[in-house]
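J.: Sharing a structure with you now.
The values are calculated or read from the model by the stated rules, or taken from the named source; none is laboratory data. As the structure is a prediction and not an experimental result, all values here were calculated from the model. Cβ placement follows ideal geometry from the backbone for every residue including glycine, while neighbour counts extend to all protein chains displayed. What goes into the accessible areas is simple: the full protein's heavy atoms, side chains included, and nothing from ligands, DNA or RNA. Shrake-Rupley method; radii C 1.70, N 1.55, O 1.52, S 1.80 Å.
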Amino acid sequence: VGAVTCITPCMSDRMPFVQKMSDQVMFLQKDIASLTIAAKPYRSKVAIVWSPRNHFISRLDPFQENGFTGSWLYNVEVEFGAPHDCLALLKSIRIRGKFVAPDDLIGGVLEKEKYRALFLPYSKGVSLKEADAIRKFVKDGGLLIADNTPGIYTEHGRKLKKSRLSDLFPIMNKKNVITYGKGHVAYLNGEMNGYMARMEKGDYTGSDVVALLLKKYARITAPVELTHENGTPRRDTIMPEIGRAHV
């Protein structure tokens with residue numbers, strides 16, 4: 001933890017901005033604030049695939065509705081675009097997931113950490129090994145949710161005539177759900193894509209659908225629910241994280 005300090009010429013009193021910072025630190029060290037700091041983030045068994053390769057693949061089609069990110073910068077962080085939409089949607093339904101990379105999938109992270117749902121917000125470029133790992137996850141009983149026509153490029157950005165995930169997504173021009181092995185696959189066809197922009201306008205289309213999919217096929221529900229007076233879930237208030245204190 002870094003800190004700054006400054007003394008006045010008389011070597012006695014703190015300068016005003018230092019006093020303000022000190023007061024804030026004191027506040028964070030007591031009462032409910034201290035419980036928040038000591039809390040352990042609650043994460044549902046939801047994984048989200050993130051891959052820099054897809055940022056560059058998105059630049060091959062710069063006129064698409066919603067690319068991987070919102071900039072031309074090297075993608076070392078999740079900034080706008082499809083992953084941001086996915087996070088905003090999950091926050092709307094009070095679900096906190098975890099980002100994983102293609103190498104994590106190939107290395108068996110879904111099985112090791114016992115994930116029950118996997119999101120592909122923008123996975124146009126998929127390697128053969130990555131496709132096999134995703135396919136195995138669904139066959140073994142997992143829920144796969146995707147948007148943005150996954151698997152239509154190789155991991156190197158070469159356009160394919162047929163998606164490497166075509167057996168999981170036989171239909172990619174409308175919303176649908178299929179059974180695959182012991183698991184299920186849902187294609188949203190735009191209900192994840194663009195969610196952040198819609199949410200800012202009061203349109204929460206897609207959030208109830210994803211909440212229902214997670215509950216029905218992966219037994220995942222929000223640890224805490226926020227509802228309107230009539231009992232329906234509120235989607236206009238996002239909760240980035242839910243904490244629980246260490247015991």
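J.: Go through (1) at pLDDT below 95; (2) farther than 30 Å from residue 107 by Cβ; (3) open to solvent by 80 Å² or more (accessible area, probe 1.4 Å) and name the single condition residue 244 misses.
T.: (2)
J.: I'd like the residue in segment 100-132 that is under 17 Å from residue 183 (Cα atoms) and of a type in the set (Phe, Trp, Tyr) and, out of all such residues, is least open to solvent (accessible area, probe 1.4 Å).
T.: 119
J.: Here is a follow-up. Looking for whichever is at pLDDT 75 or above and among the aliphatic types (A, V, I, L, M) here; the options are 28, 110, 73, 60. Which one fits?
T.: On the way: 28 fails: at pLDDT 75 or above; 73 fails: at pLDDT 75 or above; 60 fails: at pLDDT 75 or above.
None of the others qualify; the one that does is 110.
J.: Of all residues in segment 209-223, count the ones that are touching a residue at least 40 places away in the same chain (Cβ under 8 Å) and under 17 Å from the mean Cα position of the chain (by Cα).
T.: First, pick out the residues of segment 209-223 that are touching a residue at least 40 places away in the same chain (Cβ under 8 Å): 210-211, 213-214, 217-220, 222-223.
When the remaining residues are screened for being under 17 Å from the mean Cα position of the chain (by Cα), the result is 210-211, 213-214, 218, 220, 222-223.
Counting residues in segment 209-223 that are touching a residue at least 40 places away in the same chain (Cβ under 8 Å) and under 17 Å from the mean Cα position of the chain (by Cα) gives 8.
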